[in-house]
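Structure first, then comments.
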Amino acid sequence: MRDLWARLAQTVARRPARLAEAPARKRARLAEVLARRRVPLGFATAVAALVLAQPTWDAWRAGLLIAVAGESLRVWAAGHLEKGREVTRSGPYRFLRHPLYAGSVVIAIGVVVASRSSVVAAVTALYMGLTITAAIRLEEAQLRQAFGSTYDDYRAARAEPMVRRFSLARALRNREHRAVGGLIVGFALLALMILAHL
């Protein structure tokens, strides 16, 4: 009987730890799903932005300038990035840990400005906040696992910068032309919406 009570006490003692781990595992799984599905979710967000947008030429021009600045940062980063091969420390990676994501946030701000819609702003903020945060967490865990102390040094700004020139071929290999094309199509559709209301 004493053995039964001892096992029961151990089970009860371990239960709070298991209960605390369950929400953490669920959050980690949700973050992974959001990170992996960010592109299709981005298309859905873009469609919502187009449906809800109320652009004017002034807003369109201002938003386009902001979005082009964001895409320029992304192209610069893609022209230096060697995905999965190293911890890149050249180009914008000397100054920012996640310049591709930073560029995406700037592009999103440009779309919000061009759309002139508080609903688009809220939907975009929700999408960016959830998916970019999840992608960064997942990517940092993968980089830490793959590169260990090299990534930790980079993250803590202790790593020496690399000397590497921008490469358009590298940017194309990283498929940044797709983001450029998406930006062009998105702003062309916003322009068509303005023309349709003239």
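Listing for the model above:
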| item | result |
| --- | --- |
| Residue in the range 41-60 that is farthest from Gly91 (Cα to Cα), counting only those that are free of Cβ contacts under 8 Å to residues at least 12 places away in the same chain and of a type outside the set (Asp, Glu) | Val51 |
| Residue check, Arg89 in contact with a Ser or Thr (Cβ under 6 Å, 6 or more places away or on another chain), under 18 Å from Gly103 (Cα atoms) and touching a residue at least 12 places away in the same chain (Cβ under 8 Å) | no |
| All positions within the range 147-194 that are among the small types (Gly, Ala, Ser) and part of a loop (DSSP other than H, G, I, E, B) | Gly148, Ala156, Ala157, Ala159, Ser167 |
| Residues located in the range 67-110, provided they are farther than 21 Å from Gln142 by Cα and of a type in the set (Ser, Thr, Tyr) | Ser72 |
| Condition met for Glu82 (outside any helix (DSSP H, G or I) and surrounded by fewer than 17 Cβ atoms within 10 Å (Cβ to Cβ)) | yes |
| Qualifying residue in the range 38-58 (condition: touching an Asp or Glu at 6+ places or on another chain (Cβ under 7 Å) and buried (at least 17 other Cβ atoms within 10 Å of the Cβ)) | no |
| Subset of the range 120-141 (residues that are touching a residue at least 24 places away in the same chain (Cβ under 8 Å) and either farther than 23 Å from Val33 by Cβ or in a loop (DSSP other than H, G, I, E, B) (or both)) | Val120 |
| The range 143-162, subset touching a residue at least 60 places away in the same chain (Cβ under 8 Å) and closer than 20 Å to Leu73 by Cβ, residue surrounded by the fewest Cβ atoms within 10 Å (Cβ to Cβ) | Pro161 |
| Residue list for the range 47-77, filter: out of contact with any Ser or Thr (no Cβ under 9 Å at 6 or more places or on another chain), of a type in the set (Gly, Ala, Ser) and under 20 Å from Ile194 (Cα atoms) | Ala62, Ala67 |
| Test: residue in the range 94-104 that is under 13 Å from Gly63 (Cα atoms) and in contact (Cβ under 8 Å) with a residue 60 or more places away in the chain | no |
| Number of positions in the range 85-119 that are within 30 Å of Ile194 (Cβ to Cβ) and assigned to a helix (DSSP H, G or I) | 18 |
| Some residue of the range 169-179 being at pLDDT 95 or above, acidic (Asp, Glu) and under 15 Å from the mean Cα position of the chain (by Cα) | yes |
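Residues are listed down the side, and each one gets a yes or a no for (1) assigned by TED's automatic domain parsing to the domain that holds Ser167; (2) farther than 18 Å from Val185 by Cβ; (3) touching a helix residue (DSSP H, G or I) at 6+ places or on another chain (Cβ under 6 Å); (4) not basic (Lys, Arg):
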| position | (1), (2), (3), (4) |
| --- | --- |
| Ala53 | yes, no, yes, yes |
| Arg74 | yes, no, yes, no |
| Pro92 | yes, yes, yes, yes |
| Pro99 | yes, yes, yes, yes |
| Arg116 | yes, yes, yes, no |
| Ala125 | yes, yes, no, yes |
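The values are calculated or read from the model by the stated rules, or taken from the named source; none is laboratory data. Remember, it's a predicted structure, so these values are computed and weren't measured experimentally. Reconstructed Cβ throughout: ideal geometry from the backbone, glycine too, with neighbour counts over all protein chains shown.
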